[in-house]
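These notes concern the structure reproduced below.
The values are calculated or read from the model by the stated rules, or taken from the named source; none is laboratory data. These numbers come from a predicted model, not from an experiment. Here the Cβ positions follow ideal geometry from the backbone for every residue, glycine too, while neighbour counts run over all protein chains shown. Please note that ligands, DNA and RNA were not included when accessible areas were found on the heavy atoms of the full protein model with its side chains. Shrake-Rupley method; radii C 1.70, N 1.55, O 1.52, S 1.80 Å.
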Amino acid sequence: MRKALFTPVIALITLTVLVCTAGCGTGAATSAAPVRFADPGPGTATHATAPQKGKRSLVRFPTHPISFAEESRVGGAGESTPIGVTTLHGPKSGFTGKVWVWAPPEYYDKRNADKGFPVMEALPGSYGYPVNYWIGSDLKLEESLAQWSKNGTSLPFILVMPVLNPDDKQYYDGSDIPGQPKIVLARRLIARGGPEVCLAFQDGSKENTVLPKVRRFIAQYGHGPVKARLHIVPGGTHSAATYVQGLGEDTMRWVSARMQGPSA
């Protein structure tokens, strides 16, 4: 895969509506077509060249390019760009699972061959295994991201979609569990004075379970190096559809304004 921005960490999206809703299928069948995001040729990105000697770059080149099988293609503003899927093994977690990747149309433009792109990781809620439902054509996340990039609402993001919640023994789901790595870092960031992290929360106005907790978090930790904001989707519920709606209304514009890309 082509290089991606890696320093500095400018923004992090933390959202409250990543849940599975009934009927969120993939809408596509797996095919055997290979997808190489770093190679030239039909249906793949142009090859990126190394930066000039002595030139400081904000991007890191891949050391182990990965081949993907084509899962489906994104229509509309997505211009038939492929969603690729591969199986990866986590050396630290010991878990093996599928990861889907989609690159926006701008990624295939020769003018961007030597540029790094910002990356979004789309995590499913319960349940996120054995399929990450954000690859589904019903939710249109990829098509929406492509359209938002075209109309200036968002930067062109590479989208990475791993599986989550593999089984009842490894159901971490971003929670602090005794004996497992701690996920809530805001307190330590504030104590150290950085690095700066931007947290974009969003939720539906009809969601009553998570929203009070989000408000308490922002009131307690949304200061110093932790830049937090909340977008309320009018009439929204605790659902994936509300998530996509909120991204287009306001969240992607706020996040994109605090990130870079495509950058050399």
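Some notes on this structure:
- Whichever residue in the range 70-112 is among the hydrophobic types (A, V, I, L, M, F, W, C) and surrounded by fewer than 17 Cβ atoms within 10 Å (Cβ to Cβ) and, among such residues, is farthest from Pro166 (Cα to Cα): Leu88
- Options Lys140, Lys110, Lys150; residue that is over 17 Å from Gly248 (Cβ atoms), touching a residue at least 12 places away in the same chain (Cβ under 8 Å) and of a type outside the set (Gly, Ala, Ser): Lys110
- Top-ranked residue in the range 216-242 [being part of a helix (DSSP H, G or I) and open to solvent by less than 30 Å² (accessible area, probe 1.4 Å); ranked as nearest to Leu141 (Cα to Cα)]: Ala240
- Residues in the range 195-215 that are in a loop (DSSP other than H, G, I, E, B) and at pLDDT below 90 were compared, and the one that is most open to solvent (accessible area, probe 1.4 Å) is Asn208.
- Residues that are assigned to a strand (DSSP E or B), within 15 Å of Leu145 (Cβ to Cβ) and of a type outside the set (Ser, Thr, Tyr) within the range 68-91 comprise Arg73, Val74, Pro82, Ile83, listed in sequence order.
- Top-ranked residue in the range 117-148 [being open to solvent by 10 Å² or more (accessible area, probe 1.4 Å) and of a type in the set (Gly, Ala, Ser); ranked as nearest to Lys98 (Cα to Cα)]: Ser126
- Those strands (runs of 3 or more DSSP E) of the range 92-174 in which 1 or more residues are out of contact with any helix residue (DSSP H, G or I) (no Cβ under 9 Å at 6 or more places or on another chain) and among the hydroxyl-bearing types (Ser, Thr, Tyr) occupy 96-102.
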